Amino acid sequence: MDRWKGRVALVTGASVGIGAAVARALVQHGMRVVGCARSVDKIEKLAAECQSAGYSGTLIPYKCDLSNEEDILSMFSAIKTLHQGVDVCINNAGLAHSEPLLSGKTESWRNMIDVNVLALSICTREAYKSMKERNVDDGHIININSMGGHRVVPSADEHFYCATKYAVTALTEGLRQELREAKTHIRATSISPGIVETEFAFRHHDSDPEKAAAVYESIKCLKAEDIASAVTYVLSAPPHVQIGDVQMRPVEQVS
């Protein structure tokens with residue numbers, strides 16, 4: 001990770017869970033990390049914790065609604081002005097609504113597409129532009145995917161969410177192919193966790209906290225720090241090595 005010291009990473013959805021753990025790990029390794037979310041209070045608190053811990057990097061909180069393209073473009077413009085540009089882009093932000101295919105609300109489906117698919121694609125495009133205009137040839141784009149992007153969970157509440165994550169699987173491979181065709185050494189990776197103990201289930205099942213808690217009580221789950229370790233592992237691979245797809249799940253997870 002030494003070659004990433006002082007360089008700029010964008011982490012979306014950095015206020016809690018996997019995003020916060022990834023931001024902390026990258027700051028610990030000396031990177032300048034722009035952590036974005038709709039609410040930055042928790043990112044500001046994390047930034048203070050990183051500073052107090054004496055980490056060699058810096059966490060810069062940035063307020064951004066990823067369902068709004070103008071917000072995303074403004075963020076990339078600010079990063080260019082203040083920090084030259086992005087060298088690493090971690091597309092972590094994602095959400096799920098319990099909206100089955102036969103009875104779900106269109107508004108909720110659209111929200112999942114806006115954040116899980118479109119925001120990821122817009123950030124990827126803008127990160128590549130940032131790298132290209134500065135002749136950065138060793139950048140890295142990492143999409144935090146899901147095991148739900150590789151098999152359909154047998155639960156109606158998850159089906160549309162799984163569809164958005166299948167899209168992430170396809171988008172990451174498509175990105176790899178386009179980067180290869182562009183004759184660049186910028187790398188693309190998808191990291192697909194199984195069940196991770198974060199706030200995700202409580203947001204997903206916001207009307208049924210007992211159901212959310214049961215998700216994490218059934219087995220020994222992955223921790224957000226496990227995914228952060230996977231991110232640093234991927235970034236620390238030699239520049240000629242591309243780790244395209246990382247699937248990780250708890251040992252006890254059935255599917």
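Data overview
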read-out: In degrees, nearest ten, helix 120-133 long axis to first principal axis of the chain (Cα); value: 10
read-out: Inter-part distance where region 4-72 and region 190-255 are each reduced to a Cα centre, Å; value: 19
read-out: Low-density loop positions, trypsin sites (Lys or Arg not before Pro), region 83-187 - DSSP coil, at most 14 other Cβ in 10 Å; value: Lys105, Arg134, Arg151, Lys183
read-out: Contact order normalised by residue count of region 122-255, Cα under 8 Å, 6+ apart, percent; value: 27
read-out: Farthest toward positive dipole pole in region 190-247 [+1 Lys/Arg, -1 Asp/Glu at C-beta], among Tyr216, Tyr233, Phe200; value: Tyr233
read-out: Relative contact order (%) - the chain, alpha-carbon pairs under 8 angstrom, separation at least six; value: 19
read-out: Distance between modelled label sites at Asp138 and Glu70, nm, 7 Å Cα→Cβ extension; value: 3.9
read-out: On Cα atoms only, tilt of 159-181 relative to the major axis of the chain in degrees; value: 30
read-out: Probe 1.4 Å, accessible area per residue of the chain, Å²; value: 48
read-out: Whole-percent carbon and sulfur share, accessible surface of region 104-255, 1.4 Å; value: 55
read-out: Label-to-label distance, nm, for residues given as Glu181 and His240 (7 Å Cα→Cβ offset); value: 2.6
read-out: Calculated SAXS-style log₁₀ I(q)/I(0) at q = 0.16 Å⁻¹ - the chain, Debye, Cα scatterers; value: -1.22
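The values are calculated or read from the model by the stated rules, or taken from the named source; none is laboratory data. As the structure is a computational prediction, the values presented were derived from the model and not from experiment. Note that each Cβ is placed from the backbone with ideal geometry, even for glycine, and that neighbours are counted across all protein chains shown. Accessible surface areas use protein heavy atoms only, side chains included; no ligands, DNA or RNA. Shrake-Rupley method; radii C 1.70, N 1.55, O 1.52, S 1.80 Å.
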